[in-house]
1. Pick out, in residue order, every one of the GluC sites (Glu not before Pro) in region 64-150 that is DSSP loop and has at most 11 other C-beta atoms within 10 Å; say none if there are none.
2. Taking 0.36 nm per residue of separation and subtracting the Cα-Cα distance, what length does fully extending Ser39 through Glu118 add?
3. Between Ala57 and Asp91, how high is the FRET efficiency from 1/(1 + (r/R0)^6) when r is the Cβ-Cβ distance and R₀ = 35 Å? Nearest 0.05.
4. Quick query: amide H of Arg59 versus all other amide H atoms, modeled in the peptide plane; which residues come in under 5 Å with a sequence gap of 5 or more or a different chain?
5. Grab the Cα-Cα distance for Lys78 and Arg46, subtract it from 0.36 nm times how many residues apart they are, and report the gain in nm with one decimal.
6. Under 5 Å between amide H atoms, partner at least 5 residues away or on a different chain: which partners does Val42 have, H built in plane at 1.01 Å?
Amino acid sequence: MRTLLAAATVLGLLLPSTGSAQGIAEVMEAIRVGGGWISLPVEGGRAKMTTMTLPSAGRTLRGCLEIWPGHTGRWLVKVRDTYGNGRIEADARPADDIPFTYTTGMMAQLDVEVQWSEPRDTTLMVWVGLHSPRRDRDPCEPVYPEAGNR
């Protein structure tokens with residue numbers, strides 16, 4: 001099974017260490033509602049980022065990643081938890097579900113690398129959904145702001 005570090009964190013961790021106050025507010029709202037879209041600048045078909053280090057309190061998280069269906073090509077996604085053994089390597093096409101389960105340590109930080117099959121610039125949009133026992137919604141079903149849920 002594919003694993004990825006997440007933490008109340010998964011979305012919070014996906015903020016770069018230079019995250020803005022607006023970005024943090026967006027992440028907190030996404031955590032509250034069980035998921036959200038993360039954008040990552042891609043230059044020449046590649047992107048790399050290290051997230052903030054956050055306390056994660058040994059939580060077990062289940063969720064799903066999905067590359068926005070409007071993208072093209074293939075996406076090699078590599079994520080590694082620098083504080084634990086969580087990692088994912090996925091070769092995905094847009095709209096592929098990439099499920100994850102991960103139990104964090106006391107702290108968590110992600111190194112994220114992305115390689116696109118097209119060597120050009122774009123902004124990669126990735127859905128990060130989290131399972132919650134209080135919600136009856138599949139974390140692998142992204143919410144599309146412009147069209148509601150597809």
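1. Numbers: sites: Glu66, Glu89, Glu113, Glu146; in loops: Glu146.
Filter output for region 64-150: Glu146.
2. Numbers: separation 79, 0.36 × 79 = 28.44 nm, distance 1.74 nm.
Full extension of this stretch gives 26.7 nm more.
3. Details: r = 32 Å, r/R0 = 0.91.
After rounding, the FRET efficiency stands at 0.65.
4. Residues meeting the amide H criterion: Thr104.
5. On the way: separation 32, 0.36 × 32 = 11.52 nm, distance 1.15 nm.
Computed gain between Lys78 and Arg46 is 10.4 nm.
6. Those qualifying (amide H under 5 Å, at least 5 residues apart or on another chain) are Thr122, Thr123, Leu124.
No lab work stands behind these numbers, since they all come straight from the coordinates. Keep in mind the model is a prediction, meaning the values are calculated, not measured. Don't worry about glycine lacking a Cβ; one is built from the backbone with ideal geometry, like all the others, and counts go over all protein chains shown.
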